[in-house]
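Each reported figure results from applying straightforward, stated rules to the coordinates on display, with no laboratory input. Treat the numbers as computed from the prediction; the structure is a model and nothing was measured. Positions of Cβ are backbone-derived with ideal geometry, glycine not excepted, and every protein chain shown enters the neighbour counts.
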Amino acid sequence: MPRRTIGFVLVFVVPRGGGAGRVAGHLGVFTEDGTPAGEPEWLDDLAPRVAELERTHRPRWVWPHTADIYPDLLRSGVRVERCHDLALAEGLILNYHGRHGEPRALAAAWARARGLPVPDDPPPVRREDQPTLFEPDRSPLPDGVDPVRAAVTVHGGQQRAAGEVEHPDRMRVLIAAESAGALAAAEMSHAGLPWRADVHEALLAELLGPRPAPGARPARLAELAEKIAAALGGRQVNPDSPASVVRAFAAAGVDVPSTRAWVLREVDHPAVEPLLEYKELARLYAAHGWSWLESWVRHGRFHPEYVVGGVVSGRWATRGGAALQLPRALRSAVRAEPGHVLVVADAAQLEPRVLAALAGDARLAEVAAAGDLYASLAADSFAGDRARAKVAMLSAMYGGSSGGAGPLLAVLRRRFPDAVGYVEAAARTGEQGGLVRSRLGRTSPPPSAAWREMIGGGSRPEADETAQRRSLRAARDWGRFTRNFVVQGSAADWAAALLAVLRRRLSARVSAAELVFFQHDEVLVHCPEAVADAVCAELCSAAEEATRLVFGATPVRFPLDVHVVTCYADAK
DNA sequence: ACAGACCGCGCC
DNA sequence: AAAGGGCGCGGTCTGT
């Protein structure tokens, strides 16, 4: 094949059987204008062909779902630069139109792919026997449907759909960033986060005692359980059972409404201290103990599975390993390999900055020019009281008002009417059952039928006080969700753009660096010590580029706090 | 025995 | 006037 620039390569894969470490499938090469460049091919092993095309053409790979194919390619040593993930794009577009949760194998996409009339309202539930483009292991395509042609058709439909939303440019950025995120997620799962099992084990031994026999409690937990029982007058009590603990306290003459740590801390009783310690250690044991280590750490790396597109707001989820909840105490087990460092970068106070940019609030943007936004906000509006400034801002974004936040929020509203007005408008939209969007167009789900029923029930003339209260409550709850959605979703937009841009920059300019971890607004790069400065420079440029991509020419700054360390625990 | 609800807590 | 957003996970408890 002559060397020339080709805009798109469309790949369709139908995994067959066990796979045996290889991924088979159809592959078709197309030029940018949609003209096929040669016949579609069937390959028993896609990896070599993908590697070759990547080397010669740097195409955009269009495939049903990155998570279904890219991990296998990575295991075969093949990395690609860019892709269009049909399933993720389909989800974003469907959600934009308020059709959350519909099967990704949209009936309309199928109809288009098969040249059939497109139904106006595709059935919401896919039948078991209905073939699907996006879950290729379910069932093969119907006879006579060429998989490459189907992918081309669906892709074309998505390009059109992206062009028809209110801000097509933003939707295109979103789809590209989401697709790049899927690539980065697979790469990070593959690479893994450097993890010193010996450090982790030493920590467990120090806090819990030696590893217990299967079914037994660690020594330290058994000891604390005895102390708790003794302090409660020798009553039977299972510290793992909230109900049992409440009963035991009641029997000892102490009324506790629940066993939440912050509740217990207010209780003056000798059982409280050992109980709090028990709960903390029991959690470490259950969630990140020896069995976690066995399940998730191999050859010195923690390999979580990221789920891109798993949260409507655009945040990532994880499957197994609780990767996004690594306790701070365990971060000492995250160590760079010899001669290497970890570059830890997190966006400083991302959400309030996002709000300033979203709302176009010039005054808040000014406040956000400072490195420490909350300190700057405190100086501006809260007589220098940083804690109060932070509470005020968080209540605006979350809809909370506990801890006397009401008056603080009022200060914020007077001083920054555009920013506060923006989230309050989002809350009102939600209270009325409407949809809200992130900056790039991620869209909140419509409220459930049960919600609508409750809202309707409260406004009927015969509604009693309880029904009215329930209705009001449901409306407010959903309003809090949509209020937060615009901020959380737009922060996810920014973070996705950052990751996409950083990934491209690193592969082009600091190839020895690898992305090893990402959580919401924080990214970890593992690299040889000698290139740490280069990585820092790329990070800063990436943050600026991401800001421009998502918010255009906003005056709001989005600084990164960057730490070059050998141990994750030393960052911050 | 198993599934699913609830609790409580970890992270952002 | 009052109203805290998102998730994953492992534990218990309840219903079948």
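Principal-axis analysis of the Cα atoms of chain A puts helix A:405-415 at an angle of about 50° to the longest axis.
Annotation note: trypsin sites (Lys or Arg not before Pro) in segment A:283-373 located in DSSP loop regions with a Cβ neighbour count of at most 16 within 10 Å are absent. Projected onto their three principal axes, the Cα atoms of segment A:198-293 cover extents of 45, 24, 19 Å, largest first.
Of interest is the spacing of the C-alpha centroids, which for segment A:220-276 and segment A:57-100 amounts to 50 Å.
Pairwise Cα separations in segment A:423-572 fall into 10 Å bins from 0 onward with the following percentages, short to long: 10, 29, 22, 16, 13, 7, 2, 0. For chain A, the 222 nm mean residue ellipticity estimated from helices alone, with every DSSP H stretch of n ≥ 4 adding -39500 (n - 2.57) and the total spread over all residues, rounds to -16000 deg cm²/dmol. Quick one: helix A:417-431 against the long Cα principal axis of chain A, what's the angle to the nearest 10°, folded into 0 to 90? Tilt relative to chain A: about 80 degrees.
Relative contact order of segment A:354-488, taken over Cα pairs closer than 8 Å and 6 or more residues apart, is 24 percent. Kirkwood hydrodynamic radius computed over segment A:312-459 comes to 18.2 Å, based on all pairs of distinct alpha carbons. Once the Cα atoms are used to define both axes, helix A:465-509 deviates from the longest principal axis of chain A by about 60 degrees. Note that chain A shows a convex hull volume over its alpha carbon atoms of 202 Å³ per residue.
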